[in-house]
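As structure tokens, the structure follows; a few thoughts come after it.
The values are calculated or read from the model by the stated rules, or taken from the named source; none is laboratory data. This is a predicted model, so every value here is computed, not measured. Positions of Cβ are backbone-derived with ideal geometry, glycine not excepted, and every protein chain shown enters the neighbour counts.
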Amino acid sequence: MNFLTLDLNLLRVFDAVMIEQNLTRAASKLAMTQPAVSNALKRLRHAFNDELLIRTAYGVKPTPRAENVWPAIRSALSSLEASIAPPTFDPSQATASFRMAMADATAAYWMPYLVRTIEQSAPGFNARMMPLVTRDPRNMLMHGDIDIAVGFFPGVVSQLTGGQSSAGTAICHSSLYSGRYVCVMRKDHPLSTGQLTIDSYCSAHHLLVSFSGRAHGLIDEILAHMQLQRRILLTVNQFFTAGRVVANSDLLTVLPHHLISSTGMADQLVWKELPFATPAVNVDMLWHEREARNPAHKWLRDNLIELVDKTFSSDNHEFENQSALV
């Protein structure tokens, strides 16, 4: 390759296709026809002497060579854009609409704070809450079905931080906060007094919160490694439903501690430390690379992070003190 004769516009096309991983969407973003995008990629393949992007049933898949050069190209284009056209953004005068996916309890916890921020600082913004039905929302983000996902995505974040999966190449993430799992039951449950043992836990009947409806979760995997199992009598896909059912039955459930208050049944519930170790509940925010430089989207991301910093520790500590008295 001779860099001096390379048409740098081709790199803009390459960048757009890498972000979208779809020729049609990239062409729309660039205000080009799809044949023009295909022709640009053909010229790039000749320059790099590599296929770069391979067509699949769902779009295109980058080759190792494409994944290797894209970070430098992405960084260079971003720096050039920022220097030529520095962004100016006034949220009080802007209009924007966001589709956000998160669990019902997460939304109940954070949306009141976010609504107040929008009303005070960005009155032209609005948000649409979408159901979160998976622990891997990358396809929803890739296809533009949602703009932001907030939740516990251990497999996704592990791949993004470990560089193990090209499927997540165009997905960005930010850690919001970390919590822990606890066992939750009604106040007058037979197991509500004294220490919860592994035998009494496994002997009880359980409710599982599962977004996918699969009646097997993280706790069951932990128990299986201990050659133990529990009886899951009911599976639901909402934390609010879980809180109401547990408050009115003998079922036990496992919830992130910070979400107990969001069930709306905190005054009727008691929590116990689990009699076995569990990993932390790391809550992350995911979004697509195409939105990384969108000033309205960045405003939303920054404010979600700021809300977490301001409210999570104090509110969670307050509820923890209340729960300790139960």
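Here are a few things to note about the model shown:
- Pairs where the first residue, in the range 225-253, is among the charged types (D, E, K, R) and the second is part of a strand (DSSP E or B) and at pLDDT 95 or above, C-beta under 6 Å, 6+ apart: ARG230/HIS206; ARG231/HIS205
- Flag if LEU233 is within 14 Å of MET185 (Cα to Cα) and either over 20 Å from the mean Cα position of the chain (by Cα) or surrounded by fewer than 17 Cβ atoms within 10 Å (Cβ to Cβ) (or both): no
- ALA215 vs. criteria modelled with pLDDT of 95 or more and outside the structural domain of PRO137 (by TED's automatic domain parsing): no
- Some residue of the range 89-103 being under 19 Å from ARG293 (Cβ atoms), without any contact (Cβ under 8 Å) to a residue 12 or more places away in the chain and either in a helix (DSSP H, G or I) or not assigned by TED's automatic domain parsing to the domain that holds LYS298 (or both): yes
- Selection of the range 32-74 for residues being surrounded by 13 or more Cβ atoms within 10 Å (Cβ to Cβ), outside any helix (DSSP H, G or I) and either at negative phi or not small (Gly, Ala, Ser) (or both) yields MET32, ASP50, GLU51, LEU52, LEU53, VAL60, LYS61, PRO62, THR63.
- Within the range 242-262, considering residues that are out of contact with any Leu (no Cβ under 7 Å at 6 or more places or on another chain) and either part of a helix (DSSP H, G or I) or small (Gly, Ala, Ser) (or both), the one nearest to SER200 (Cα to Cα): SER249
- Scanning the range 282-326 for residues that are among the aliphatic types (A, V, I, L, M), under 16 Å from the mean Cα position of the chain (by Cα) and modelled with pLDDT of 90 or more yields a count of 6.
- Matching residues in the range 231-243 - criterion: being under 11 Å from THR253 (Cβ atoms) and in contact with a helix residue (DSSP H, G or I) (Cβ under 6 Å, 6 or more places away or on another chain): VAL236, PHE239, GLY243
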